[in-house]
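Since every read-out is calculated from the coordinates, none of them should be taken as a lab result. Computed from a prediction, not measured in an experiment: that's the story for all the values here. So basically every Cβ, Gly included, is an ideal-geometry build from the backbone, and we count neighbours across all protein chains shown.
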Amino acid sequence: MPLDVTPVQAFAQRIRENVNKVIVGKDVVIEQLLVSLLCEGHVLLEDVPGVGKTMLAKSLARSLDCSFARIQFTPDLLPTDITGVSVFNQRNAEFEYRPGPVMTQIVLADEINRASPRTQSALLEAMQERQVTVDGVTRPLPRPFLVLATQNPIELEGTFPLPEAQVDRFLMRLRLGYPDPEEERAILRRFRAEDPLETLQPVATAQEVRELIPICRQVYVHEHLERYIVALARASRDQEMFALGASPRGSMALYRASQALAAVRGRNYVMPDDIQYLAEPILLHRIIPSVETRLRGQSVATLLAQVLTRVPVPVEERWSLPE
């Protein structure tokens, strides 16, 4: 019996329409956020202040009726400010765990590059293992669990660059960008009388997300497309062009995200277009150009475009599972 992805498509459409009541003209970013949610990945939103990163995160959380927490990263933020801390209770003479803001379903890590590396690393276990360990006790995080981290690429004073190990744990790096003139006028009119986020109502539940995730992982990927994903990752490890290429974690991220994207678009099979569409947001932040490449003035985006052009796209009469 063919896999039915209609529930995933319907879910994505409801969320997209609901978030669009607050966010103007960002359908591509909303779709990519939904893909990240459905394949249990995390997102790094890298853009200038004021383009709606926080508003987008809050709109998504409210649409899903998920618990939401915002962590403002500052140089004096401690790891326990994120994971929580054990406090001695004098009444019963025992230590009690007081959960930190990471013990929620959608976490907005605002200006993550302003905290020290030690504090940034407190998110590593949570993002990868979906658990936190405090005083030797490991506690699972709720599902779904999504970290939306923001950073300002322009203002670098007083910031700590994210280590490669942490950047690699983000499924995607996205940019919202400035709205065009008509979209900006629409924003002015929409927020003229009131904040639409205050009246936004949930259109889905966390339980629904948990039920849809296994469906996405059953989406069929042809063996030629599996080889295509591996070929893209291996091409990004060309030592002449790159000092660091996409890791196997990057290959897995591209594989699962392609499955989720196909389901969101109403297909129970992946096509080459899905992989190419997701290659930049998934692979770009995992690639570091070589010194020679940087001296030539070539950007990472240009190099990735060359990789996509150089690796042959598989051709097949049909990509769906044979009946």
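So between Arg296 and Ser86, what do we pick up on full extension, going 0.36 nm a residue minus the alpha carbon distance? All intermediate terms of the calculation are to be shown ahead of the outcome.
Details: separation 210, 0.36 × 210 = 75.60 nm, distance 5.27 nm.
That pair, Arg296 and Ser86, stretches by 70.3 nm at full extension.
Roughly how big is the chain's charge dipole about its Cα centre, with Cβ charges of +1 (Lys, Arg) and -1 (Asp, Glu), in debye to the nearest 20? Walk me through the numbers on the way to the answer.
Working: 36 positive and 41 negative charges, 26 e Å.
Here the size comes out at about 120 debye.
Calculated from DSSP H runs of 4 or more alone, at -39500 (n - 2.57) each and per residue, what is the 222 nm mean residue ellipticity of the chain, nearest 500? Before the final figure, lay out each step's value.
Values: 14 runs with 138 residues, N = 323.
Value at 222 nm, helices only: -12500 deg cm²/dmol.
Just need the relative contact order of the chain here, percent rounded to a whole number, with Cα pairs under 8 Å and 6+ apart. Could you put the intermediate results ahead of the total?
On the way: 542 pairs, mean separation 74.5, N = 323.
Normalised by residue count, the contact order of the chain is 23 percent.
Students often forget the sequence filter, so: which aspartates and glutamates lie under 17 Å Cα-Cα from Lys21 once same-chain residues fewer than 8 apart are removed?
Excluding near neighbours in sequence, the set is Glu31, Asp65, Glu182, Glu183, Glu184, Glu194, Asp195, Glu198.
Please check which bits of segment 294-323 a label hung off Glu223 would reach, taking the label as a point 7 Å along Cα-to-C-beta and the cut-off as backbone N under 18 Å.
Label zone hits: 314-323.
Based on the Cβ-Cβ distance from Arg175 to Asn20, what FRET efficiency comes out when R0 is 25 Å, to the nearest 0.05? List each step's numbers first, then the result.
Values: r = 19 Å, r/R0 = 0.74.
Between Arg175 and Asn20 the formula returns 0.85.
Only one of the values (i) -0.58, -1.23; (ii) -0.69, -1.25; (iii) -0.63, -1.46 was calculated from this structure for log10 I(q)/I(0) by the Debye sum over Cα atoms at q = 0.10, 0.16 Å⁻¹; name its label.
Read-out taken from this structure: (iii).
Assign one of three labels to segment 106-156, namely rounded, prolate or oblate, based on the Cα gyration tensor with a ≥ b ≥ c the square roots of its eigenvalues; rounded applies when a/c is under 1.5, prolate when it is not and a/b is larger than b/c, and oblate otherwise. The partial results should precede the final answer.
Details: a/c = 3.68, a/b = 1.68, b/c = 2.19.
It is oblate, given that a/c is not under 1.5 and a/b is not larger than b/c.
Based only on Cα atoms, what Rg/Rh ratio does segment 219-310 have, Rh being taken as Kirkwood's radius? Working shown, then result.
Values: Rg = 13.6 Å, Rh = 13.4 Å.
We get a ratio of 1.01 for segment 219-310.
Among Lys53, Lys26, Lys21, rank each residue by its count of other Cβ atoms within 10 Å, from fewest to most, as a rough exposure measure.
Numbers: Lys53 25, Lys26 21, Lys21 15.
With the sparsest Cβ surroundings first, the list reads Lys21, Lys26, Lys53.
Within segment 77-167, which GluC sites (Glu not before Pro) sit in a loop by DSSP and count at most 13 neighbouring Cβ atoms inside 10 Å? Write down the numbers at each step before the final one.
Values: sites: Glu94, Glu96, Glu111, Glu125, Glu129, Glu155, Glu157, Glu164; in loops: Glu111, Glu155, Glu157.
Here the sparse-neighbourhood loop sites are Glu155, Glu157.
How far is it, in nm, from the label point at Glu198 to the one at Gln13 when both lie 7 Å from their Cα along the line to the Cβ?
In this crude spin-label approximation the distance works out to 3.2 nm.
Rank the residues Met241, Met252, Met172 as a footprinting-exposure proxy: fewest other Cβ atoms within 10 Å of their Cβ go first.
Neighbour counts put them in this order, fewest first: Met252, Met241, Met172.
Taking R0 as 45 Å, what's the FRET efficiency between Asp76 and Asp4 from their Cβ-Cβ distance, rounded to 0.05?
Working: r = 51 Å, r/R0 = 1.13.
With R0 = 45 Å, the Cβ-Cβ based efficiency is 0.35.
For segment 154-305, what class follows from the C-alpha gyration tensor (a ≥ b ≥ c being the square roots of its eigenvalues): rounded when a/c is under 1.5, otherwise prolate if a/b is larger than b/c, else oblate?
Details: a/c = 2.10, a/b = 1.20, b/c = 1.74.
Verdict is oblate for segment 154-305.
Please arrange Thr309, Thr74 by how many other C-beta atoms lie within 10 Å of their C-beta, fewest to most.
Working: Thr309 9, Thr74 14.
Neighbour counts put them in this order, fewest first: Thr309, Thr74.
Among Met1, Thr150, Val19, whose Cα lies farthest out toward the positive end of the dipole of the chain, if unit charges sit on the beta carbon of Lys, Arg (+1) and Asp, Glu (-1)?
Toward the positive end, the furthest listed residue is Met1.
Give me the percent of Cα-Cα pairs in segment 259-323 that sit more than 13 Å apart, rounded to a whole number. List each step's numbers first, then the result.
Working: 1459 of 2080 pairs.
Of the Cα pairs, 70 percent sit more than 13 Å apart.
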